[in-house]
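A.B. asks: The structure's right below; bear with me while I get my questions together.
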Amino acid sequence: MAAIWQQVLAVDARCDFEEDPRAQGARGHRRSVSRGSYQLQAQMNRAVYDERPPGSLVPTSVAEASRAMAGDTTLSENYAFAGMHHIFDQHVDSAVPRLQFANDDKHLLACCSLDGTLSIMTLSPPPPTVKVTLKGHAGPVTDFAWSLSNDIIVSTSKDGTLRIWNTEDGRCIREVADPEGSELLCCTFQPMNNNLTVVSPNAKVQQSQEVGNSKHHLQVVNISTGKKVKGGSSKLTGRVLSLSFDAPGRILWAGDDRGSIFSFLFDMATGKLTKAKRLVVNEGSPISSISARSWISREARDPSLLVNTCVNKLLLYRVVDNEGTLQLKRSFPIQHGSQPLHSIFCPLMSFRQGACVVTGSEDACVYFFDVERNTKAIVNKLQGHSGPVLDVSFNCDESLLASSDATGMVIIWRREQK
């Protein structure tokens, strides 16, 4: 157990640029990110790249280094997929709300299901198979996260428990129950402290009870002791549906079912949460997904947030200060009115001319958007699901993309070989 807690859990950096083995040279030596203010980071990058368009977030057409590393191909060529590599249907008839490739791994994938289980799948050697099924939750599994070394998974459920699993044999290492039996809807690890995870206990609302009286808050939990961290809780306006830390772990964003995104300052020494900013995206429209990206590199200068909310749009925000204040940069049309859709940044976009984001949609399609294009931003569209696509995940080298839907189907898409 001691070895497990020595890991640094970086859940939100899903094959992020800092984690890419080609960027870091060797596994275990992560590219560091400045812990200074976001204003200073942005100023430093602007000073070097003043020739780029004002407000630009991503590598531009003059980014020769990135173009060379990407082979000078277009985004459409980079994200062309030849077809389906495999279909998993072990969770058929129960929605699969989340799935994620293991960190720095091409062939290991996990997903959770509303049937109360999680699956760990291996895609190589062929044929693709379900390696192990994680059983123990007494209710729908709402969220999960890989450890950095991929030997444990943490999951949350509507049964009011957080569970820690051994990914090799499927054993439940620890169960942490909410003292009040509240549903746990999402979770994320503090990137720089492996013992701490943030969960969102949400009390069930009775028909006779006002929504405002329901418990809607965040809680920092020490998963090695199962105890709440003193000062590590904060109340929101609604049920917390999505969470994301910035790369240094100093800012946490939380999205609720009433259309608000809150930013919190996280005290690295104590685990205390301090509420900083609130943005009402659209009153009454649930925030189903938040994904943070530092975007600090030679050719990209502003930290950003990718947001799914039920307004039929995918939203891209710029983080403008060290309190997590958000400024809308772009929006992309998708069908999103009620389902808990998720989106991701493409893991290798810092090496591209331009950059892409990928999202699910209620029209049963997967969409790729170029964040630099002012018109015709759709780079690719994948069709094959029979229900709303809820989540998407790339493996670390972008050779495979996984997507899951509301019918329980998981599709693995193979990138076209040039």
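The values are calculated or read from the model by the stated rules, or taken from the named source; none is laboratory data. Predicted model, so just to flag it, every value in this text is computed and none were measured. Please note: Cβ atoms are built from the backbone with ideal geometry, for glycine as well, and neighbour counts cover all protein chains shown. SASA here: full protein model, heavy atoms, side chains in, ligands and nucleic acids out. Shrake-Rupley method; radii C 1.70, N 1.55, O 1.52, S 1.80 Å.
A.B. asks: Less than 18 Å from a label point 7 Å out along the Cα-to-Cβ axis of I378: which backbone N atoms in segment 75-113 qualify, by residue?
C.D. replies: Those under the cut-off are 75-83.
A.B. asks: What's the local net charge at D267, with K and R +1, D and E -1, over the other residues with C-beta under 12 Å away? Walk me through the numbers before you get to the answer.
C.D. replies: Numbers: positive: K230, R250, K272; negative: none.
Result for the neighbourhood of D267: +3.
A.B. asks: Then there's this: What is segment 223-323 by shape, rounded, prolate or oblate, if you read a ≥ b ≥ c off the alpha carbon gyration tensor as root eigenvalues and call it rounded for a/c under 1.5, prolate for a/b larger than b/c, and oblate otherwise?
C.D. replies: Values: a/c = 2.04, a/b = 1.14, b/c = 1.79.
Note, shape of segment 223-323 comes out oblate.
A.B. asks: What ranking of T129, T156 comes out by heavy-atom accessible area, probe 1.4 Å, highest first? Please report the intermediate quantities before stating the final value.
C.D. replies: On the way: T129 60, T156 0 Å².
Per-residue accessible area, sorted high to low, gives T129, T156.
A.B. asks: To continue, here is another question. Return the loop-located GluC sites (Glu not before Pro) in segment 334-418 (DSSP other than H, G, I, E, B) with at most 13 other Cβ atoms within 10 Å of their own Cβ; answer none if there are none. Display every interim value, and only then the final one.
C.D. replies: Working: sites: E362, E372, E398, E416; in loops: E362, E372, E398, E416.
Qualifying residues, ordered by number: E416.
A.B. asks: So how much accessible area does S94 have, in Å² to the nearest 10, using a 1.4 Å probe?
C.D. replies: Taking all protein chains as shown, S94 has close to 30 Å².
A.B. asks: Could you tell me the center-to-center distance, by alpha carbons, between segment 361-418 and segment 222-268 in angstrom?
C.D. replies: 28 Å
A.B. asks: Oh, and also: Run the 1.4 Å probe and let me know the accessible area of M409, rounded to the nearest 10 Å².
C.D. replies: About 50 Å², rounded to the nearest 10.
A.B. asks: Strictly over 19 Å apart at the Cα level, which of K135/K228; K106/K313; K235/K272; K227/K277; K277/K313 would you flag in this model?
C.D. replies: Working: K135/K228 25 Å; K106/K313 30 Å; K235/K272 13 Å; K227/K277 27 Å; K277/K313 22 Å.
From K135/K228; K106/K313; K235/K272; K227/K277; K277/K313, over 19 Å: K135/K228; K106/K313; K227/K277; K277/K313.
A.B. asks: In terms of modelled amide H atoms, which long-range or inter-chain residues lie less than 5 Å from the amide H of V132?
C.D. replies: Under 5 Å from the amide H of V132 lie the amide H atoms of I120, each far enough along the sequence or on another chain.
A.B. asks: Hey, if we sort V280, V410 by accessible area with the 1.4 Å probe, largest down, what's the order?
C.D. replies: Working: V280 65, V410 0 Å².
From most exposed to least exposed: V280, V410.
A.B. asks: Counting every Cα pair in segment 75-415, what percent are over 40 Å apart?
C.D. replies: Working: 3371 of 57970 pairs.
Every Cα pair in segment 75-415 considered, those over 40 Å come to 6 percent.
A.B. asks: Quick one: ranking E283, E183 by accessible area, 1.4 Å probe, largest first, what do you get? If you can, show how the numbers build up before the last one.
C.D. replies: Working: E283 130, E183 25 Å².
Sorted descending by solvent-accessible area, the residues read E283, E183.
A.B. asks: What spacing in nm lies between the two simple spin-label points modelled at S76 and E283, each 7 Å away from Cα in the Cβ direction?
C.D. replies: Here the modelled spin labels are 4.3 nm apart.
A.B. asks: Next question. With contacts defined as alpha carbon pairs under 8 Å and 6 or more residues apart, what's the relative contact order of segment 259-412 in percent? Each step should come with its number before you reach the end.
C.D. replies: On the way: 373 pairs, mean separation 21.9, N = 154.
It rounds to 14 percent for segment 259-412.
A.B. asks: At 1.4 Å probe size, what's the solvent-accessible area of V92? Round to the nearest 10 Å².
C.D. replies: Probe radius 1.4 Å; accessible area of V92 about 90 Å².
A.B. asks: Extending each Cα 7 Å along its Cβ direction at D267 and I87, get the distance between those two points in nm, one decimal.
C.D. replies: Distance between the two pseudo-spin positions: 5.3 nm.
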